[in-house]
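Student: Pasting a structure here, questions to come.
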There are 2 protein chains.
Amino acid sequence: MLAVGVSSRRKEGPEKLCGVAKYIDDYHLPGCLFGVTLRSSIPHGTIKNIRFDPKFPWDDCVIARAADIPGQNYVDLIEHDQPLLAEERILHAMEPILLIGHPVRATAYQALEHIEVDYQESEPVLSMEDSIALRQVLYRSDNVFKRILIEKGDTGAGMAKSDFIVEGEYRVPSQEQAYIENNGVAAWEEDDGTLVIMGSMQCPYYVHKAMKPLFPRREEKIRIIQTTTGGGFGGKEEYPNMIGGHAALLAIKSGRPVKMIYDRHEDMLATTKRHPARIRHRTGVRRDGTLFAQEIEIVMDGGAYVTLSPVVLSRGAIHASGPYQCPNVRILAKSMATNNPPSGAFRGFGAPQTLFAAELHMEKIAATLGIDSLALRRRNLFRQGSVTATGQVLRESVGASEVLERAVQRAKYVERRKECKQWNRRKDRTSWRGVGLSVVFHGAGFTGAGEVHLASRAGLSLTREGEIRVEAASTEIGQGTSSMLAQIVAETLGVPYQWIQIDTPDTARVPNSGPTVASRTCMVVGSLLQRAALRLKTAVAELQGTFPHTRAGLRTAARKLANGKPAVSFIEEYRQPDEIQWDEEKYKGDAYGVYSYAAMVVELEINKLTYEVRIRRLTTAQDIGKAINPVLVEGQIMGGTAQALGYALLENVIFQNGVMQNAQFTNYIIPTTLDTPPMSVELVEKPYSRGPFGAKGVGELPFDVPAPAVAAAVFHATGLFIPELPLLPERISRAKRDQTAR
Amino acid sequence: MLAVGVSSRRKEGPEKLCGVAKYIDDYHLPGCLFGVTLRSSIPHGTIKNIRFDPKFPWDDCVIARAADIPGQNYVDLIEHDQPLLAEERILHAMEPILLIGHPVRATAYQALEHIEVDYQESEPVLSMEDSIALRQVLYRSDNVFKRILIEKGDTGAGMAKSDFIVEGEYRVPSQEQAYIENNGVAAWEEDDGTLVIMGSMQCPYYVHKAMKPLFPRREEKIRIIQTTTGGGFGGKEEYPNMIGGHAALLAIKSGRPVKMIYDRHEDMLATTKRHPARIRHRTGVRRDGTLFAQEIEIVMDGGAYVTLSPVVLSRGAIHASGPYQCPNVRILAKSMATNNPPSGAFRGFGAPQTLFAAELHMEKIAATLGIDSLALRRRNLFRQGSVTATGQVLRESVGASEVLERAVQRAKYVERRKECKQWNRRKDRTSWRGVGLSVVFHGAGFTGAGEVHLASRAGLSLTREGEIRVEAASTEIGQGTSSMLAQIVAETLGVPYQWIQIDTPDTARVPNSGPTVASRTCMVVGSLLQRAALRLKTAVAELQGTFPHTRAGLRTAARKLANGKPAVSFIEEYRQPDEIQWDEEKYKGDAYGVYSYAAMVVELEINKLTYEVRIRRLTTAQDIGKAINPVLVEGQIMGGTAQALGYALLENVIFQNGVMQNAQFTNYIIPTTLDTPPMSVELVEKPYSRGPFGAKGVGELPFDVPAPAVAAAVFHATGLFIPELPLLPERISRAKRDQTAR
């Protein structure tokens, strides 16, 4: 193949490299105001009064409040519970109350200092436990945003027939997406009444949909343009609906362009983070290690508003059993309302939380049975024909065993485990060493009928000048969308990769190919483009036999094909394969079209004095169907791994009274290159018949696998089974103390 | 009080005593045919062909099949899944296939012998376990008729904080209602096209509703009349819809009256029975005996069609925690489809199943903690202000502690336990003796918003001749409805009980006061009549100062009041009290308006040779709010207790390939007077502010309490903890063998 499987240069690489790529704050907008947000200082209560310091020059300020919203005051996502601006009720600290626009950025921030808000405070609910206990009723009658029950077989009977029952409780914390570029947008209204929002985002059409109820107007009078985006990781899936609405409100009220750009502190304090979760496992297992019954209970902290909690919970629940076949499974999951800032989308979307528990629990089971956890995994791992917890039969592309065996072999897992044991026997060592393993799966695309509802549309256009343009709303956010899509098109047409042009999406110009989330872009949008390319190819071929190999030839063909029109385009719409059946009400059937698989071996050492953990070696094998661009794929894997190592070892969001206490990089520690170990990555390609050239998803998978492997390695090194993240030195030393105390 | 609290003579007593009461088979209907039913001999499959023996004189027979049904072929209840006559698909043995009508009963039965049915058999699903395992898909995608999840607090956290976790699995069997009179009806069509169905039934308006889709016609052209009914116990709640439809179909096809009367064998083989169930408990408890977390899993065998399974399951789930307060509760219940004959309503309606498990499990918990089960109950029992598993606050009329203390004291529970221990020490005894205890609660009326949907209507009419008639569709089935309702009216009006007239209901004459089920008649219908009586009283008073004390006076008043009309009537409709709040979707809130409570102490002895159990003494105290007629109430309690002793010790429905093998009284053993011990009954009256004169419900409560007390006594006598009913000698001796084997 010429284009696919080749590590071609990033489409947007050069301009980023040369610093000419324009991020939203780089745009000069004449007459632009700068918008800032007044936020609640309390987590729960009501606004009694807002006082403006009379000594401040308010006349130069534009002030916008809920009452200024021309339409309805809610941020459109799943439910309509979250206001764009608080009216009376306050449900979390940092909740937006009013907006100030001023030509001078610094003055806008000063203005905030001259506003006093009087509150009537209420008792806040700051933990899942207090929410379940209904200390306060925050949402409907029971604080439950969403409840999911997955049942397979008969766990009660399974437990009764098991030789051992192993229980465990696992806790995973919140996490900040920490993209390089903070959330930021600009907005203005054109003379023809078109509302334009431009900025850093993952899902232009989500923003488009969200603006309609806030600022009622015909759809074509709303235009959303993505600018070069410095990372998203889910953190720009839903929040642009909020900040976009804020900028638009100020712009409409002032009649001028408005820029809203968060600094790091505000972005960390106010925007969504990963859902903290508590997962309980109760597993019935036969003496020989066969899993016989799994009872799993998941609780997630959804924060103050629903946002995306129901779907995050859904992915978490579906992946909670781990990549193992078990005849009897019951998964009961719920997402609770609290007075913490809303949790939201973050790479992995619930799966890293539940997979950490599932995988570390395998170590506990192995220890209980006194068998090797590798053997335990081999015995129970998904195979072709296995049936998942939702009753899905895995028909094809099941790379679970392959990734496990490849990782184990490549890392010399067994030998290294032995060597570490040797090492640890010597009392004069200054460190303990351990090797840990984990294996995970991750569904590609939206759950069940989700893709049907999205009905994504994408395609190609051929201009009369012979330019081949990708027509899709899928965003390049650093992960390589542009290059990957272009490669699929180039390969299908049999033309050079450089011929394919792709721009950052503009809802006025491209169809809605769905959000850039859920590891769906390559598999879903890529397939649409492949189909479009085939149609284009046929059209040209019908016209003149073959597809041209020269620019000149293409231009001639294009002019004929376009005949008079500026361009001719070929748009495809998603069609759900008949064999994918899903019962949303019962949570039964094909939760995803296909799954990707990853295994990882982590070797680490722990300083006996400081309890610092250093990853010495990291080996992973991942089955993503097909690597369209191997270097980009490895980049995804290494990046996701580094981010997950932060989740496992360093990143510790500290909330007090609903406010993040360490909302800056000086004390919210993410991994640097120095914290990132040498990584050995192997790609396993078990093609998926419905993915372009066999491709599945790779965006989230790499995040799922490191944390449990790290915890397993700590367990191996020290004998300390620590079921909670992050594995900070403090936490490990405390566990050590408790151990020796016993 | 003159009428209420007085044990007045049964209204219908004399005519039953003298044998002039007319049961359906006593009616002579000129030109009447006798109807019989051809039933499936296989539990699962399809009908290929039906062959009629040419040598048989078919010309004198009327034959009706599904194709003859003028309307839709389903028996109306909750779902529309059950056909009146099977078309092709057979889902249980004894399923009706066709009907034969013949003037001579014996010939009708002979005719059945001359019909051959060819089947294509399928693998039958005969256990809940096989249904859960989806051996065959019988209903929707997962065989689940209904699934219920009740969640309170956080059981996982509760378990973690508990000192002990006690697990147990309990199994309860099917049971036959064994009413004295079998199911039977007669049907005919009047010249004006009115369809009349007369017979033995609990709910005339259920039958009325069920006939409409089968035989489309205006409502007033359907008339259902209850005849004197020899017992129901739930067994005549839904089945008359079926047999009524059969008789009507033959009647319409033949143009003649048709009688269908089952003999005992057919009634036992074909009609509904109690739901068998499997209940699992996992209970977290503090060292001091405080219940801290309950996880309860309920599975019921619903049989081949939905019938009333969803509501039976609902009552079972709501009562599954027992009358105890516990901060963290999770109840997960489901009713499964199998190829057994449909299970249906039976006194207690799911509660006896789950309460047996809940109460016997208290014995297990006490044994595990090494404390006395009486102390354990005292510590956790419901009190005023307690919150149930559904989150209902028990505002008033909570007699749990009173009934427990009264029963314990009256039975000398503690002393007798000691004496038994003494007795058992002597090895030369020919028996073991033991004393067992249990305490239960039972909700009165329909669940949650059920009564709102029923919108029952009942009242009184005063004829110009001065007759006071009760206008209600509530049926006298031996439990004393007529007397009890008449007493409430008499007391309210302040007239002699004899003045109140009440007939068996006829849908052409009385309003729909709802079904005679769910311990609702006294509390719900009684209250309507009390309100109606007050209106009548006021009306008469306004007319002439006071309410007359003489027949003559009443006649005068009546004539004035009726002025010209034959009668004047006062009908009341049910209004839900505002404080009753119920969320059907979340199963949260006030499951019932109020609960009745019962405690029982059973003293028994077990023959060391034969393992036969003999109940020596039985003491019970029951809080039913107010006993309108103490003798009738004691009758209910004694009758229910005897029936429950059969459930606990004797009644053993044996299914083979979906067919009851012991469908006659020679080998389906129910208790006789000789099996019924001396019973000491004490009535505790904690009035309910919304019940007539404080009354709650008594119909089902007495059935809930005996079985667990018996099992507890067996445990006390022998040390054998047997979690399954019935406690046949075989089962006890087997348990003994296993015990000594260990």
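The values are calculated or read from the model by the stated rules, or taken from the named source; none is laboratory data. Just so you know, these numbers come straight off a predicted model, no measurement behind them. Cβ sites come from the backbone with ideal geometry, for glycine too, and all protein chains shown count toward neighbours. We work out accessible area using only protein heavy atoms, side chains counted, and drop any ligands, DNA or RNA first. Shrake-Rupley method; radii C 1.70, N 1.55, O 1.52, S 1.80 Å.
Student: Scan region B:654-676 residue by residue and report those that are crowded, with 19+ Cβ neighbours inside 10 Å and not in a strand (DSSP E or B).
Tutor: Those that are crowded, with 19+ Cβ neighbours inside 10 Å and not in a strand (DSSP E or B): B:GLY658, B:ALA663, B:TYR668, B:PRO671.
Student: If you scan region B:486-521, which residues turn out to be more than 17 Å from B:GLN202 (Cβ to Cβ), of a type in the set (S, T, N, Q) and open to solvent by 20 Å² or more (accessible area, probe 1.4 Å)?
Tutor: Matches in region B:486-521: B:GLN498, B:GLN501.
This table checks each residue for (1) basic (Lys, Arg); (2) within 17 Å of B:ARG406 (Cβ to Cβ); (3) open to solvent by 40 Å² or more (accessible area, probe 1.4 Å).
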| residue | (1), (2), (3) |
| --- | --- |
| B:VAL568 | no, no, no |
| B:ARG575 | yes, no, yes |
| B:ILE580 | no, no, no |
| B:TYR587 | no, no, no |
| B:SER596 | no, yes, no |
| B:LEU604 | no, no, no |
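Student: Need a quick list: strands (runs of 3 or more DSSP E) entirely within region A:524-625 having at least 3 residues that are closer than 30 Å to A:CYS420 by Cα and at pLDDT 95 or above. Full working, then the answer.
Tutor: On the way: elements: A:567-573, A:595-607, A:613-623.
By residue number, A:595-607, A:613-623.
Student: Looking only at residues that are open to solvent by 30 Å² or more (accessible area, probe 1.4 Å) and hydroxyl-bearing (Ser, Thr, Tyr) in region A:108-139, which one is nearest to A:LEU332 (Cα to Cα)?
Tutor: Filtering region A:108-139 for residues that are open to solvent by 30 Å² or more (accessible area, probe 1.4 Å) and hydroxyl-bearing (Ser, Thr, Tyr), the one nearest to A:LEU332 (Cα to Cα) comes out as A:SER127.
Student: Filter region A:172-202 down to the residues that are among the small types (Gly, Ala, Ser) and under 30 Å from A:VAL125 (Cβ atoms), then identify the one that is nearest to the other protein chains (Cβ to nearest Cβ). Lay out the reasoning, then the answer.
Tutor: Step one: list which residues in region A:172-202 are among the small types (Gly, Ala, Ser), which gives A:174, A:178, A:184, A:186-187, A:193, A:199-200.
Next cut, under 30 Å from A:VAL125 (Cβ atoms) only: A:174, A:178.
Values: A:SER174: 20, A:ALA178: 31 Å.
My answer is A:SER174.
Student: Here is a follow-up. Take region B:446-476 and flag every residue that is closer than 19 Å to B:ALA351 by Cβ and buried (at least 24 other Cβ atoms within 10 Å of the Cβ).
Tutor: Once the filter is applied, which keeps residues that are closer than 19 Å to B:ALA351 by Cβ and buried (at least 24 other Cβ atoms within 10 Å of the Cβ), region B:446-476 yields B:PHE446, B:GLY448.
Student: Evaluate region B:457-477: report whether one residue or more is part of a helix (DSSP H, G or I) and not assigned by TED's automatic domain parsing to the domain that holds B:ILE224.
Tutor: Quick first cut of region B:457-477, residues part of a helix (DSSP H, G or I) only: none.
No; the residues of region B:457-477 include none that is part of a helix (DSSP H, G or I) and not assigned by TED's automatic domain parsing to the domain that holds B:ILE224.
Student: Further question: Kindly check whether there is at least one residue in region A:435-446 that is farther than 30 Å from A:PHE715 by Cα, touching a residue at least 40 places away in the same chain (Cβ under 8 Å) and of a type in the set (Ser, Thr, Tyr).
Tutor: Keep residues of region A:435-446 that are farther than 30 Å from A:PHE715 by Cα, which gives A:444-446.
Filter again for touching a residue at least 40 places away in the same chain (Cβ under 8 Å), leaving A:444-446.
Filter once more, so that each one left must be of a type in the set (Ser, Thr, Tyr): none.
Checking region A:435-446: not a single residue is farther than 30 Å from A:PHE715 by Cα, touching a residue at least 40 places away in the same chain (Cβ under 8 Å) and of a type in the set (Ser, Thr, Tyr).
Here's the yes/no breakdown for (1) under 30 Å from the mean Cα position of the chain (by Cα); (2) over 30 Å from A:GLY5 (Cβ atoms):
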| position | (1), (2) |
| --- | --- |
| A:LEU561 | no, no |
| A:GLY589 | yes, yes |
| A:VAL602 | yes, no |
| A:GLU605 | yes, yes |
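Student: Another question, then. Between residues in region A:572-599 that are within 14 Å of chain B (Cβ to nearest Cβ) and farther than 30 Å from A:SER461 by Cβ and residues that are of a type in the set (D, E, K, R) and surrounded by 17 or more Cβ atoms within 10 Å (Cβ to Cβ), which pairs lie under 7 Å by C-beta distance while being six or more apart or on different chains?
Tutor: Taking only residues 6 or more apart or on different chains, the pairs are A:GLN581/A:ASP590; A:TRP582/A:ASP590; A:LYS586/B:ASP142; A:LYS588/B:ASP142.
For every residue, the table says whether it meets (1) within 19 Å of A:ARG315 (Cβ to Cβ); (2) in the same structural domain as A:GLU603 (by TED's automatic domain parsing); (3) not in a loop (DSSP other than H, G, I, E, B).
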residue: A:ALA345; (1), (2), (3): yes, yes, no
residue: A:GLU359; (1), (2), (3): yes, yes, yes
residue: A:ARG377; (1), (2), (3): no, yes, yes
residue: A:GLN384; (1), (2), (3): no, yes, no
residue: A:ALA389; (1), (2), (3): yes, yes, no
residue: A:GLU402; (1), (2), (3): no, yes, yes
residue: A:ARG417; (1), (2), (3): no, yes, yes
residue: A:ARG429; (1), (2), (3): no, yes, no
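Student: Hey, could you check region B:684-742 for residues that are buried (at least 24 other Cβ atoms within 10 Å of the Cβ) and among the acidic types (Asp, Glu) and say which is farthest from B:PRO276 (Cα to Cα)?
Tutor: Filtering region B:684-742 for residues that are buried (at least 24 other Cβ atoms within 10 Å of the Cβ) and among the acidic types (Asp, Glu), the one farthest from B:PRO276 (Cα to Cα) comes out as B:GLU700.
Student: Restricting attention to strands (runs of 3 or more DSSP E) lying wholly within region A:172-286, give those where 3 or more residues are closer than 21 Å to A:ASP68 by Cβ.
Tutor: A:184-189, A:195-199, A:258-261
Student: Right, here's the next one. Answer with yes or no whether A:SER401 is modelled with pLDDT of 95 or more, open to solvent by less than 10 Å² (accessible area, probe 1.4 Å) and among the hydroxyl-bearing types (Ser, Thr, Tyr). Working first, answer last.
Tutor: Values: modelled with pLDDT of 95 or more: yes; open to solvent by less than 10 Å² (accessible area, probe 1.4 Å): no; among the hydroxyl-bearing types (Ser, Thr, Tyr): yes.
It is false that A:SER401 is modelled with pLDDT of 95 or more, open to solvent by less than 10 Å² (accessible area, probe 1.4 Å) and among the hydroxyl-bearing types (Ser, Thr, Tyr).
Student: If A:GLY391 satisfies every condition in (1) open to solvent by 10 Å² or more (accessible area, probe 1.4 Å); (2) more than 14 Å from chain B (Cβ to nearest Cβ) but one, which is the exception?
Tutor: (2)
Student: Considering only region B:140-171, state which residues are more than 9 Å from every other protein chain (Cβ to nearest Cβ), open to solvent by 10 Å² or more (accessible area, probe 1.4 Å) and in a loop (DSSP other than H, G, I, E, B).
Tutor: Correct list: B:LYS161, B:SER162, B:ASP163.
Residue-by-condition table, conditions (1) open to solvent by 10 Å² or more (accessible area, probe 1.4 Å); (2) more than 30 Å from B:SER40 (Cα to Cα); (3) touching a residue at least 60 places away in the same chain (Cβ under 8 Å); (4) within 14 Å of chain A (Cβ to nearest Cβ):
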| position | (1), (2), (3), (4) |
| --- | --- |
| B:GLY303 | no, no, yes, no |
| B:VAL306 | no, no, yes, no |
| B:ILE331 | no, yes, yes, yes |
| B:ASN340 | yes, no, yes, no |
| B:ARG347 | yes, no, yes, no |
| B:ILE365 | no, yes, yes, no |
| B:VAL387 | yes, yes, yes, yes |
| B:GLU396 | yes, yes, yes, no |
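Student: Of all residues in region B:350-360, count the ones that are farther than 15 Å from B:LEU381 by Cβ, out of contact with any Leu (no Cβ under 8 Å at 6 or more places or on another chain) and of a type outside the set (Val, Ile, Thr).
Tutor: Of the residues in that region, 5 qualify.
Student: Here is a further query. Within region A:216-237, can one find any residue that is over 21 Å from A:ALA473 (Cα atoms), in contact (Cβ under 8 Å) with a residue 60 or more places away in the chain and surrounded by fewer than 21 Cβ atoms within 10 Å (Cβ to Cβ)?
Tutor: Checked region A:216-237: at least one residue is over 21 Å from A:ALA473 (Cα atoms), in contact (Cβ under 8 Å) with a residue 60 or more places away in the chain and surrounded by fewer than 21 Cβ atoms within 10 Å (Cβ to Cβ).
Student: Another question, if that's okay. Can you pull out the residues in region B:17-27 that are open to solvent by 30 Å² or more (accessible area, probe 1.4 Å), modelled with pLDDT of 95 or more and out of contact with any Asp or Glu (no Cβ under 6 Å at 6 or more places or on another chain)? Reasoning before the result, please.
Tutor: As a first pass, look at region B:17-27 and keep what is open to solvent by 30 Å² or more (accessible area, probe 1.4 Å): B:17-20, B:22-23, B:25-27.
Pick out the ones that are also modelled with pLDDT of 95 or more and you get B:22-23, B:25-27.
Result: B:LYS22, B:ASP25, B:ASP26, B:TYR27.
Student: Let me ask something else about it. Would you point out the residue of region B:279-291, among those that are surrounded by fewer than 24 Cβ atoms within 10 Å (Cβ to Cβ) and within 21 Å of A:GLY156 (Cα to Cα), that is farthest from the other protein chains (Cβ to nearest Cβ)? Don't jump to the end; show me each part of the working.
Tutor: Keep residues of region B:279-291 that are surrounded by fewer than 24 Cβ atoms within 10 Å (Cβ to Cβ), which gives B:280, B:282, B:286-290.
Applying the additional criterion that residues be within 21 Å of A:GLY156 (Cα to Cα) yields B:280, B:282.
On the way: B:ARG280: 5, B:ARG282: 9 Å.
In this case the residue turns out to be B:ARG282.
A quick yes/no check of all residues on (1) assigned by TED's automatic domain parsing to the domain that holds B:TYR239; (2) modelled with pLDDT of 95 or more; (3) farther than 25 Å from B:THR272 by Cα; (4) surrounded by 13 or more Cβ atoms within 10 Å (Cβ to Cβ):
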site: B:VAL4; (1), (2), (3), (4): no, yes, yes, yes
site: B:VAL36; (1), (2), (3), (4): yes, yes, no, yes
site: B:ILE47; (1), (2), (3), (4): yes, yes, no, yes
site: B:PRO54; (1), (2), (3), (4): yes, yes, yes, no
site: B:ILE69; (1), (2), (3), (4): yes, yes, no, yes
site: B:ASN73; (1), (2), (3), (4): yes, yes, no, yes
site: B:GLN82; (1), (2), (3), (4): yes, yes, no, yes
